[in-house]
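Working notes, structure below.
Just so it is clear, none of the values below were taken in a lab; they were calculated from the coordinates. This is a predicted model, so every value here is computed, not measured. As a convention, Cβ positions derive from the backbone with ideal geometry for all residues, glycine included, and neighbour counts pool all protein chains shown.
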Amino acid sequence: MNAEVPGIGAAARYIGKRVLRKEDPRLLTGRGQFVDDISLPGMLHCAFARSPIARGRIVSIDSTAARDVPGVHAVYTAEDLAKVSFTMHTFFMVPTSVKTPTLAEDHVAYVGEPVALVIADSRYIAEDAASLIEVDYEEEDPVVTLADAKSGQPVHPELEHNIAGQMGDEDIDEDLEAAIEGAPHRVTQRVIHPRISQSPMETRGVVATRDGPEELTLYITCQSPHTIARWVSLALGLPQTAIRVIAKDVGGAFGLKNHPWKEESSVIIAAMLFGRPLKWIEDRYENLTTANPAREQDITLRIAFDNDGKLVASHSEYDLNNGAYPQAVDDGMAAQMFLWSAYKLPAYGFLTRAWYTNTTGLAAYRGPWAMETLVRETALDKAARAIGIDPVELRRRNLVKLSDQPTASVLGLPLEDITPAECLEKLVENFDIAAFRKEQAEAREQGRYLGLGVATYIEPTASAGSMGVMTGELAQVRIEPTGKVTATMSTHSQGHGTATTMAQVIADRLGVPYEDVTVFEGDNSRGGFGPGAAGSRQGVIAGGAAIKASEMLADKVKALAAHLLNANPENITIDEGMVHVEGAEEMSRSLSEIAGIAYGEPDRLPQDLGTGLEVQYRYQPPPMTFTSAAHACVVEVDAETGFVKILRWISSEDCGTVINPAVVEGQISGGLAQGIGMVLLEEMPIDDRGNTTAATYKDYLLPAISDIPDFEFLHANTPSKSIGGMRGVGEGGAIIGPPTLVNAIADALSPFGEIDILELPLTPSRILDLIEGRDISGSAARHQAQAGAQLEAPAAAEAAAPAGQAAAPSSGAETRIDGDWKMVMKTPMGDQEMTGHFETDGGTVSGYLASPEGDQNFTGTVDGNVVKFDLKVDKPMKITLKYNLTFEGDSVSGKVKLGMMGSAKLSGERL
Amino acid sequence: MKPAPFDYVAPTTISEACQVLADAGGGATVLAGGQTLMPLLNLRMSQPFIVVDINRIPDLKGIARADGGTRVGPMTRQADALADETLAKHLPVMVRALSHVGHHQTRNRGTVGGSVALGEPAAEMPATAVALGATIEVQSTRGTRKIPADEFYLGPYMTTLEPDELVTAIHYPDWPAGHVMLFREVAQRPGDFALVGVVGALVVDGGSVSRAGIAWFGMGPTPIKARQAEQALVGQSLSGIDAQAIAELAVADTAPFDDHHATAEYRRTVGKRIFARTLREALQIKEAA
């Protein structure tokens, strides 16, 4: 007897079962179809000549010798590619904020930037020729680190600084500062996260072929063929219908493959120019040294607590190295949005800034905002030790519980059904902390250092509708005339097993054997638009679509069967491919018999029922669905060598309805493996000339199977508000893994003190730093040198600061406010232009702001040349904008507080 | 990641191989198990004119007893050596060290001679050869040479092997039955090159150490013989051994450097500890009070 699935409201037939994956027989017998498996008639191969320097002007490119190599068909530079109009877009489907060339034009901005493309009979020949291309560079000093970015020359000549994006307040609010400084307990946590490589097992790659004047077919390893078609269409300005994108199997993506970047785009353009199919497969050297990396961030979080260990106030300052050409600027706003969402914190402020540098541009990576969980959860443990309170208890006192909801986070995010506190309780019910503490104490007496780490988090998943690129998903389900079921889905798997989980859902809700369901995906000519894998979304949204479509289809079968069998539709059930009438076993019919009639015998159908058995449903779920979790991990640190051994790891997650526990646990395990890598092993080192110095897996250390423990899983199964009750689970492991492990290590090391600055990875050298109280790893010396360098260059930093800072009101200056002003506000969604009309009357001001979206009237106050007023807006969310403008002569500047979004800068001039 | 063009020859005899190397005048590279050479070719960090594949020379394979020791043919696969009964009986430390060379998959292809001849300073095989007092036998059209392993290594990936010379055997002298084995390495992941490692053998005779052969790997530009520690140990009674003091002498002979994975200071600090720990455990001696 199957238990009822709360999110479904019915007994489970396949939902919740560990069925075997439909993908595996193909993948495990070598019959997967990856991009490099594609070979088209007449296909040629590409290789790139890349910049050996991080920054410089291209004086000349001589490709004569390369062209002379037998087997070389063409050598293209930016000048050649310019024949096809192509605009690089971001993940958000808008043009990049700085001009991003496909092949470098007049200058290079990072080591490995593609400068020329060779087309040849084979990759061997293409590489031979690429090495013969002579480029004369005028080298300049690169901006490599975050410290360089703050004081160095602008990476992009069109900008006056290196700030790619900024949110929050440059000057901390006085009341907030007072609240923090006046609190009985304060803790500061700084986390320095290195740059890491994306390292999917299948590197980037594309086969591009122009099939007609306006027809392009792309085999490309990606996260959604639909998104690729949309992106390429926008970049080319071609109608999307002419672009076919196929990606049957994908060997991991993690965010790197959201959309094409410089290399893939160059090959696509070259294929359009050259007319023959072109293939480029990124090799591992290219992947490690030039594929868009992740992270490289530096955050300092301050937290204040009262005497009971309750949160009082917090502030953070956060810098992100975005490289030269990020796939989308990451200003850390998402991290800020979720940093304190699960906790009862009365007051919070932040400053977060994205910086351009002469390094490879950032791409999203599984849990792109993960720093918020890492810094918060490690800071909370630090605080627990400082206050002398159990870390679990500290969280208990501050987490938002189910009984507290609905409520809103400190930044205004509505919370309805998050369950981190409940996950934590479930975790500690299943882990005897007291017994561990006893074991830990005994071990310490023998000179063995055990540690327990606990962390909690929430994760926004299944985003839909809040950002234009994140849409609903479509399920098209049909019962074939044979009675078998075919579904074409807008999903896409990079190892997620969507062909399995969607088949489970369909079989369950339709009442057919799992083996009878086939799911087709991975081709934009099939099914409807869907953004695929990005933001832990497919199980929730496509799962909901599949459930609804299957139920609608079952209703049609029931209506037809009722008509044929002269029964009441309510008495008809479908089970394992058989249609039954309640209480009349002899009337049972197979689904294939019913389907045969539905397609082939229209005369036998009721009048209002069309022929065939097919349904499609596009599901638009709630804008966001939260997943929660609490994890615990036990480690032993070898105090002699600084090595960490993970002894146990328990995951207590709540991803709502679990479609397939094996798939869910696989997702969590994969994320945790990446988390373990980030904490213990992974770092993409960059030297001071901008060279990435780990060019093979001998130097770039990924966690191997020997580094990953057997994880234990607890599932909480609190249904979400979406159809089926699922919550996304793709990214969570990579988000909660790092703080769980760091906390365990910090607990083990607590007899030696606190990890002062948490710089990852926690290599054996860095762990010995703490144990021995000396700088064995050299990290402290490096931090000191950097801090010194920053102190020495205040003038440069000042000069690089963005324009528009509110100047102090200059008394006595003759400034007329009345009239029309052209103003630009810098918001997370881009620059917003408006015209402001002001009329002053003594201490009051009134007027309107006019923008393409419409006019809004305001009234406010005037004090000298400072004008303040509030405006309420509904889009993109309900917030009150607080304007604080200073007028000086013919220019205006100031700040606009955007509610939970921090502050935006505004500048303008008199019209 | 595709090699630059090269000529490929696969001789079947040692003399034929030596002739190819002599004719190439320095432009040839020898392909043994390919675990290092193939990536270097693919990365174009190595661009030889000729690749001399010695996989088809039967005389380079196999393990045999010879001249009061054990002769290991350079083309013996690491996996075969690991499973070899002669090695297990006479040179158990070789077996222990081999189990740390790469991974199952790479050991199926990688060879003992390839690792010895390459001279990666953090690898197990060169240090083991140095520690045990092995002799490396090489041949060219000019004749043959026998080079003591501790004179063979000049720097990272640099040896006294001339471009026209081929390693034809590694000869390990016998250590008496019942000798004490020393081995420990610290590597970030199983199968990685060591951050620091120590390998060796001790002969204990009547309660005193009568012979010692110990070498470091990952502690300098070459495998490094722990000469001062060896000298201090020989003649010392087990009860009189101060493991900590010997470990300090051992580290005094090293010249580790900083790299992306660990600092020199880490290597010295941890090297000293693993040396002392290994010595104590092997000799079953207690920590000096």
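Measure nothing but the geometry: give the 0 to 90° angle between the long axis through the Cα atoms of B:264-283 and the longest principal axis through the Cα atoms of chain B, rounded to 10°.
70
For chain A, return all DSSP H helices satisfying: extent of Cα atoms along own axis at least 15 Å; mean Kyte-Doolittle hydropathy at least -1.0.
What comes out of the filter, once short or polar helices are dropped, is A:225-236, A:262-274, A:371-387, A:433-445, A:498-510, A:538-565, A:661-680, A:732-749, A:779-792.
Please compute the net charge surrounding A:Ile594, taking Lys and Arg as +1 and Asp and Glu as -1 over other residues with Cβ under 11 Å from its Cβ.
+2
Using the Cα gyration tensor of segment B:7-53, with a ≥ b ≥ c the square roots of its eigenvalues, what is the shape: rounded (a/c below 1.5), prolate (a/b larger than b/c) or oblate (neither)?
Judged from the Cα gyration tensor, segment B:7-53 comes out oblate (a/c at least 1.5, b/c at or above a/b).
How far apart, in nanometres, would the label points at A:Ala408 and A:Met43 be if each is projected 7 angstrom from Cα along the Cα-to-Cβ direction?
5.4
Give me the angle, in degrees from 0 to 90, between the Cα long axis of helix B:14-24 and the longest principal axis of the Cα atoms of chain B, rounded to the nearest 10.
Rounded to the nearest ten degrees, it is 70.
Limiting things to C-alpha atoms, what are the Rg and the maximum Cα-Cα separation (Dmax) for the protein assembly as shown, in angstroms?
33.6, 109
Rounded to whole Å and sorted largest first, list the principal axis extents of the Cα atoms in segment A:546-683.
83, 33, 24
Given a cut-off of 20 Å, name the pairs among A:Lys22/A:Lys558; A:Lys262/A:Lys826; A:Lys310/A:Lys438; A:Lys310/A:Lys344 whose C-alpha atoms lie farther apart than that in the structure shown.
Pairs exceeding 20 Å: A:Lys22/A:Lys558; A:Lys262/A:Lys826; A:Lys310/A:Lys438.
Given A:Pro719, A:Ala116, A:Ile757, which one lies farthest toward the positive end of the charge dipole of chain A, if we put +1 on the Cβ of every Lys and Arg and -1 on the Cβ of every Asp and Glu?
The one lying farthest along the dipole's positive direction is A:Pro719.
For the modelled label position 7 Å from the Cα of B:Val234 along Cα-to-Cβ, which residues of segment B:194-224 have backbone nitrogen atoms closer than 18 Å?
B:199-216, B:224
What is segment B:48-176 by shape, rounded, prolate or oblate, if you read a ≥ b ≥ c off the alpha carbon gyration tensor as root eigenvalues and call it rounded for a/c under 1.5, prolate for a/b larger than b/c, and oblate otherwise?
Note, shape of segment B:48-176 comes out rounded.
Restricting to chain A, compute how many DSSP beta bridges are antiparallel as a %, nearest 5.
For chain A, the DSSP antiparallel bridge percentage is about 85.
Just going by the charge dipole of segment A:819-910, with Lys and Arg at +1 and Asp and Glu at -1 on Cβ, which of A:Tyr848, A:Val862, A:Val896 is farthest out on the positive end?
A:Val896
What's the exposure ranking of B:Met38, A:Met624, A:Met201, A:Met684, going from fewest to most Cβ atoms within 10 Å?
Exposure proxy ranking, most exposed first: A:Met201, B:Met38, A:Met624, A:Met684.
First measure r as the distance between the Cβ atoms of A:Asp62 and A:Ala443, then evaluate 1/(1 + (r/R0)^6) with R0 = 45 Å and state the FRET efficiency to the nearest 0.05.
Numbers: r = 66 Å, r/R0 = 1.48.
Using R0 = 45 Å, I get an efficiency of 0.10.
What does the charge count around A:Ala179 come to, taking other residues whose C-beta lies under 15 Å from its C-beta (Lys +1, Arg +1, Asp -1, Glu -1)?
-3
Once you charge only the Cβ atoms, +1 for Lys and Arg and -1 for Asp and Glu, what is the size of the charge dipole of segment A:139-215 about its Cα centre, to the nearest 20 debye?
620
Please compute, for the alpha-carbon atoms of chain B, the extent along each of the three principal axes and give them in descending order in Å.
64, 43, 32
Suppose R0 equals 35 Å. What FRET efficiency, 1/(1 + (r/R0)^6) with r the Cβ-Cβ distance, do A:Lys310 and A:Ser466 give to the nearest 0.05?
My answer for the efficiency is 0.65.
Which net charge results when you count Lys and Arg as +1 and Asp and Glu as -1 among the other residues whose beta-carbon is under 11 Å from that of A:Val581?
Taking every Cβ under 11 Å from that of A:Val581, the sum is -2.
More than 15 Å apart: what percent of Cα pairs in segment A:819-910 qualify?
Summing the P(r) of segment A:819-910 above 15 Å gives 58 percent of all pairs.
Cut-off 11 Å, label point 7 angstrom out along Cα-to-Cβ of B:Arg189: give me the residues of segment B:1-28 whose amide nitrogen falls inside.
Within reach of a label on B:Arg189: no residues.
Quick one: check the C-alpha center-to-center distance for segment A:211-262 versus segment B:1-74, whole angstrom.
45
Projecting each Cα onto the charge dipole of chain A (Lys/Arg +1, Asp/Glu -1 at the beta carbon, about the Cα centre), which of A:Met467, A:His89, A:Phe838 comes out farthest on the positive side?
Farthest along the dipole direction, towards plus: A:Met467.
Please state the relative contact order of chain A as a whole percent: Cα pairs under 8 Å, 6+ residues apart?
14
What's the magnitude of the charge dipole for segment A:535-650 around its Cα centre, counting Lys and Arg as +1 and Asp and Glu as -1 at the beta-carbon? Answer in Debye, nearest 20. The partial results should precede the final answer.
Working: 9 positive and 16 negative charges, 112 e Å.
Computed charge dipole of segment A:535-650: roughly 540 debye.
Residue by residue through B:263-272, how many Cβ atoms from other chains fall within 10 Å of the Cβ on average?
Average neighbour count from other chains, rounded to a whole number: 5.
Could you size up the charge dipole of the protein assembly as shown around its Cα centre, putting +1 on the beta carbon of Lys and Arg and -1 on that of Asp and Glu, and report it in debye to the nearest 20?
Values: 104 positive and 155 negative charges, 430 e Å.
That gives the protein assembly as shown a dipole magnitude of about 2060 debye.
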